[in-house]
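Only one structure is covered here, and it is reproduced in the block below.
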Amino acid sequence: MMNVYREILPDSYLLILTDSEQTLEPEPLQRALQRASGSGKANVWIDCSELHHPSTAIIQLLGEFYLRLRHQHIQLVLCHLEEVVQQEVLQLPAASQPVIVATLLDASLYCRNLRTKQRSAA
């Protein structure tokens, strides 16, 4: 079973994923990502430190939502991925690979730097 915890931050929507079984259904994550996409936040961060056994469907869902959120000008950033999970995400087509950073602090810095670059380009 997958649990998805959420935390609403000033500029970001944080999802914390936990799993306890080998087979995980993507529905809880899909519902959480849909809520996050309508939250009005500029960033969605996903803490995967307790995600150990993601199914292929979950990895694909992350790629799909990365594209969907990007079209809404929302950044999807994954952090705290185990090496095996990171390798699975990197198997997605390049255009649908979410940004992967080490920590939530790195996610914050990445999104802040991206906003700064976007403002100076405008």
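For first residues located in the range 1-17 and touching a residue at least 12 places away in the same chain (Cβ under 8 Å), partners that are of a type in the set (Gly, Ala, Ser) and assigned to a strand (DSSP E or B) and lie 6+ apart or on another chain with Cβ distances below 8 Å form the pairs ILE16/SER49. How about the range 32-60: which of its residues are part of a loop (DSSP other than H, G, I, E, B) and not hydrophobic (A, V, I, L, M, F, W, C)? If the condition is that a residue be part of a loop (DSSP other than H, G, I, E, B) and not hydrophobic (A, V, I, L, M, F, W, C), then GLY38, SER39, GLY40, LYS41, HIS52, HIS53, PRO54, SER55 are the ones that fit. When PHE65 is tested against the conditions (1) open to solvent by 20 Å² or more (accessible area, probe 1.4 Å); (2) within 20 Å of CYS111 (Cα to Cα); (3) at pLDDT 95 or above, the lone failure is (1). The residue list GLN34, GLN91 contains one member that is farther than 23 Å from ASN113 by Cβ, surrounded by fewer than 13 Cβ atoms within 10 Å (Cβ to Cβ) and under 13 Å from the mean Cα position of the chain (by Cα), which is GLN34. Condition test on LEU81, is it more than 18 Å from PRO10 (Cα to Cα) and either touching a residue at least 60 places away in the same chain (Cβ under 8 Å) or open to solvent by less than 50 Å² (accessible area, probe 1.4 Å) (or both)? Taking the combined requirement at face value, the residue satisfies it.
Taking the listed residues GLU7, GLU25, GLU64, the one that is out of contact with any Phe, Trp or Tyr (no Cβ under 6 Å at 6 or more places or on another chain) and part of a helix (DSSP H, G or I) is GLU64, with no other qualifying.
The values are calculated or read from the model by the stated rules, or taken from the named source; none is laboratory data. All figures in this text were calculated on a predicted structure; none of them were measured in a lab. Neighbour counts are summed over all protein chains in view; Cβ atoms, including those assigned to glycine, are modelled from backbone coordinates with ideal geometry. The accessibility values were calculated without ligands, DNA or RNA, using every heavy atom of the protein model including side chains. Shrake-Rupley method; radii C 1.70, N 1.55, O 1.52, S 1.80 Å.
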